Amino acid sequence: TDSEDLMIAAVVYDFIPLIFQDEYLLKLPREAYMMRYLRGLDRLRSYDLLFMISDATRDDTARLLNFPEERLVTIGTGVDDPALDCSGTADDSVTLERFGLSAGRFLYTVGACDPRKNLVGLIEAFGRLPKNLAAPRKLAITARLSAEERRPLVACAKRFGVADRLVVTGLVNDETLRSLYRSCELFVFPSLYEGFGLPIVEAMRHGAAVVAGRNSSQVEAAGEAALLVNNSDPSSIAEGIARLLND
């Protein structure tokens, strides 16, 4: 094949550093890293095709890179878990006991320390729930967090009087993750922006009821199978949680 006939394509996940520049791009340790990222965006403009993991990312690409829409193709993504068992296993109770949780009596999320993951917003929403809904339940968060990164979460939990009901599991293996998805009463995804939002699909695949954000690609990932709220407003998250717990 003549080299001139070759097409160059790339898969694009998101533009998080560009959309949230103050929190990501401008906080890179050296200017050289920022310039490398920006040069990468320029290089994408010269490609023949870009494959996007969501329509939301497709729209961002057309808008932010001024890329011709006819050269953008949404391919999507998803989960295919051969160990999936929505009914649970005997190991689930062992996992829950390790974290001090009870099946069907905790809210759950999977996140990270990234500001856009909005874990503080979720904790505030939990603290805003009516007492009769919050008191008998715990909020479990799975995320790789350092001691320094945990501090604002604990401080927020203390401020809203739910520190004794906050459980941070740290990083977990796939088997533990499955148990937590299956056993939670509700999965809440408070993210402010996602390239796709894989935890939403994972949670639903494991039979969890889901509250997610009405933003970015979360609308696509959730389809009509989740309750969508305004994740930038903790009161809206709390209202969504309360609605599902009551219905």
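Look through Ala56, Ala10 and report the one residue that is touching a strand residue (DSSP E or B) at 6+ places or on another chain (Cβ under 7 Å) and either at pLDDT 90 or above or surrounded by 13 or more Cβ atoms within 10 Å (Cβ to Cβ) (or both).
On the way: Ala56 fails: touching a strand residue (DSSP E or B) at 6+ places or on another chain (Cβ under 7 Å).
Going through Ala56, Ala10 in turn, just one is touching a strand residue (DSSP E or B) at 6+ places or on another chain (Cβ under 7 Å) and either at pLDDT 90 or above or surrounded by 13 or more Cβ atoms within 10 Å (Cβ to Cβ) (or both): Ala10.
Collect the residues in segment 75-111 that are closer than 23 Å to Thr57 by Cβ and modelled with pLDDT of 95 or more, keeping them in residue-number order.
Those that are closer than 23 Å to Thr57 by Cβ and modelled with pLDDT of 95 or more: Ile75, Thr109, Val110, Gly111.
For segment 9-56, name all the residues that are touching a residue at least 40 places away in the same chain (Cβ under 8 Å) and in a helix (DSSP H, G or I).
Once the filter is applied, which keeps residues that are touching a residue at least 40 places away in the same chain (Cβ under 8 Å) and in a helix (DSSP H, G or I), segment 9-56 yields Ile16, Leu18, Ile19, Asp55, Ala56.
Give me the residue from segment 170-183 that is open to solvent by 50 Å² or more (accessible area, probe 1.4 Å) and in a loop (DSSP other than H, G, I, E, B) and, out of that set, nearest to Leu153 (Cα to Cα).
Applying the filter and picking the extreme gives Leu171.
Of all the residues that make up segment 221-247, how many are open to solvent by 40 Å² or more (accessible area, probe 1.4 Å), in contact with a strand residue (DSSP E or B) (Cβ under 9 Å, 6 or more places away or on another chain) and not in a loop (DSSP other than H, G, I, E, B)?
Total satisfying the criteria: 3.
Does segment 71-78 contain at least one residue that is farther than 24 Å from Asn215 by Cα and crowded, with 16+ Cβ neighbours inside 10 Å?
No; the residues of segment 71-78 include none that is farther than 24 Å from Asn215 by Cα and crowded, with 16+ Cβ neighbours inside 10 Å.
Cβ-Cβ below 7 Å, separation at least six or inter-chain, first residue in segment 151-178 and of a type outside the set (A, V, I, L, M, F, W, C), second open to solvent by 90 Å² or more (accessible area, probe 1.4 Å): which pairs?
Matching pairs, first to second residue: Gly170/Arg144.
Across segment 189-207, what is the number of residues that are crowded, with 24+ Cβ neighbours inside 10 Å and aliphatic (A, V, I, L, M)?
Of the residues in segment 189-207, 2 are crowded, with 24+ Cβ neighbours inside 10 Å and aliphatic (A, V, I, L, M).
Determine, yes or no, whether Leu186 is closer than 21 Å to Asn132 by Cβ and buried (at least 19 other Cβ atoms within 10 Å of the Cβ).
It is true that Leu186 is closer than 21 Å to Asn132 by Cβ and buried (at least 19 other Cβ atoms within 10 Å of the Cβ).
Tell me whether segment 120-143 contains one or more residues that are open to solvent by 40 Å² or more (accessible area, probe 1.4 Å), over 19 Å from Gly100 (Cβ atoms), touching a Gly at 6+ places or on another chain (Cβ under 9 Å) and not polar (S, T, N, Q).
No, segment 120-143 contains no residue that is open to solvent by 40 Å² or more (accessible area, probe 1.4 Å), over 19 Å from Gly100 (Cβ atoms), touching a Gly at 6+ places or on another chain (Cβ under 9 Å) and not polar (S, T, N, Q).
Take segment 203-217 and flag every residue that is more than 12 Å from Val188 (Cα to Cα) and either assigned to a helix (DSSP H, G or I) or of a type in the set (Ser, Thr, Tyr) (or both).
First pass over segment 203-217, keeping only residues more than 12 Å from Val188 (Cα to Cα): 205-207, 214-217.
Arg205, Ser216, Ser217, listed by residue number.
Please tell me if Leu107 is surrounded by 14 or more Cβ atoms within 10 Å (Cβ to Cβ), part of a helix (DSSP H, G or I) and within 25 Å of the chain's Cα centre (by Cα). I'd like the intermediate steps shown before the answer.
Values: surrounded by 14 or more Cβ atoms within 10 Å (Cβ to Cβ): yes; part of a helix (DSSP H, G or I): no; within 25 Å of the chain's Cα centre (by Cα): yes.
The answer is no for Leu107.
The values are calculated or read from the model by the stated rules, or taken from the named source; none is laboratory data. Note that the structure is a prediction, hence the values are computed from the model and not measured. Note that each Cβ is placed from the backbone with ideal geometry, even for glycine, and that neighbours are counted across all protein chains shown. The accessibility values were calculated without ligands, DNA or RNA, using every heavy atom of the protein model including side chains. Shrake-Rupley method; radii C 1.70, N 1.55, O 1.52, S 1.80 Å.
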